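Novice: Okay, handing you the structure first.
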Amino acid sequence: MLKFLQQWLPIDASQHGAQVDDLIVLTHWLMAILFVVWGGYFLLALYRFNAKRHPKADHVGARTHISTYGELGVAVVEVILLAGLSIPAWYHWANLPPKEKGPVDEIRVVAEQFAWNVHYPGPDGVFGRSDPKIMSSTNPLGLDPKDPHGKDDIVTLNQLHLLVNRPAIIHVSSKDVIHSFKLPVMRSEQDAIPGMDVPIHFTPIKTNDNGDRWEIACAQLCGLGHYRMRGQLFVHGPDEFKKWKASAPTAFSTQ
Ligand SMILES: [Cu+2]
């Protein structure tokens, strides 16, 4: 019964996704119950208290406390949803996975009208220096060609490749206006704000090496081309990931 609503959600390929789905599903059930009960009460009031039956207004009003108990019951359920589900999920979301505990993928996603630039630090694990002054169509991230850390960096457009079962930290930022980086199958979303670097994290637990299309969407109306600001998320198994890494373009390979 609880899972009934889940059929309309996109597939969940992340470790924390079940928590988000539980919250969505339970909130919808609560709203559905309230809709039926309040709607029923509205119809009852129309019938029971119409002007024909009560030509004179009663200034005393309700004499029972049923509505007070009803309101209290709704408040208790809402507190359970907030304290039992939302706050623990938020607590986990607000803490980045510690790197000492094992390998973590750290990636930058820089939004622009109307595309996603994805920046990997490469084998040395250090992002090359970037400078807005040298941004161009061939160097959309403004990577400094003189910085040795940047030489091995991987830069892709609208394609995010991740390894399954490894936590990913994504630093979300923007070059122009506010966008929103949304991965529906990862149950993750973060506004991309110019001048800010906001790290989010999640762990993919399913791959789409079978060819399924997983979307990166822009979830903020960001201009005329907003509708086509889409990318693709690839979660690979270890072999496929190695294959992709070997063939991935480095920042300056095309120059
Ligand atoms: Cu956008």
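The values are calculated or read from the model by the stated rules, or taken from the named source; none is laboratory data. Because the structure is a prediction, the values reported are computed rather than measured. Cβ placement follows ideal geometry from the backbone for every residue including glycine, while neighbour counts extend to all protein chains displayed. We work out accessible area using only protein heavy atoms, side chains counted, and drop any ligands, DNA or RNA first. Shrake-Rupley method; radii C 1.70, N 1.55, O 1.52, S 1.80 Å.
Novice: Every residue in the range 97-119 that is open to solvent by less than 10 Å² (accessible area, probe 1.4 Å), within 17 Å of F202 (Cα to Cα) and more than 16 Å from the ligand (Cβ to nearest atom), please.
Specialist: I107
For every residue, the table says whether it meets (1) crowded, with 17+ Cβ neighbours inside 10 Å; (2) under 27 Å from G150 (Cα atoms).
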site: F202; (1), (2): yes, yes
site: K206; (1), (2): yes, no
site: C222; (1), (2): yes, no
site: H236; (1), (2): yes, yes
site: F241; (1), (2): yes, yes
site: S247; (1), (2): no, yes
site: A251; (1), (2): yes, yes
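Novice: Kindly indicate the residue of the range 169-184 that is under 13 Å from L233 (Cα atoms) and surrounded by fewer than 22 Cβ atoms within 10 Å (Cβ to Cβ) and also farthest from the ligand (Cβ to nearest atom) among those meeting that condition.
Specialist: In this case the residue turns out to be P184.
Novice: Here is a check on your reading of the model: is V155 of a type outside the set (D, E, K, R) and outside any strand (DSSP E or B)? Working first, answer last.
Specialist: Working: of a type outside the set (D, E, K, R): yes; outside any strand (DSSP E or B): no.
It is false that V155 is of a type outside the set (D, E, K, R) and outside any strand (DSSP E or B).
Novice: Test of understanding: among P194, P249, which residue is farther than 16 Å from E106 by Cα and either within 16 Å of the ligand (Cβ to nearest atom) or modelled with pLDDT of 95 or more (or both)? Walk me through how you get there before you give the answer.
Specialist: Numbers: P249 fails: either within 16 Å of the ligand (Cβ to nearest atom) or modelled with pLDDT of 95 or more (or both).
P194 is the lone residue from the list that is farther than 16 Å from E106 by Cα and either within 16 Å of the ligand (Cβ to nearest atom) or modelled with pLDDT of 95 or more (or both).
Novice: How many residues does the range 2-17 contain that are of a type in the set (A, V, I, L, M), modelled with pLDDT under 90 and exposed (fewer than 15 other Cβ atoms within 10 Å of the Cβ)?
Specialist: So the first thing to find is which residues in the range 2-17 are of a type in the set (A, V, I, L, M), and the list is 2, 5, 9, 11, 13.
So of that shortlist, the ones also modelled with pLDDT under 90 come out as 2, 5.
If we keep only those that are exposed (fewer than 15 other Cβ atoms within 10 Å of the Cβ) too, we end up with 2.
Result for the range 2-17: 1.
Novice: Taking into account only those residues within the range 197-234 that are polar (S, T, N, Q) and assigned to a loop (DSSP other than H, G, I, E, B), which is farthest from the ligand (Cβ to nearest atom)?
Specialist: Among those residues, the one meeting the criterion is N210.
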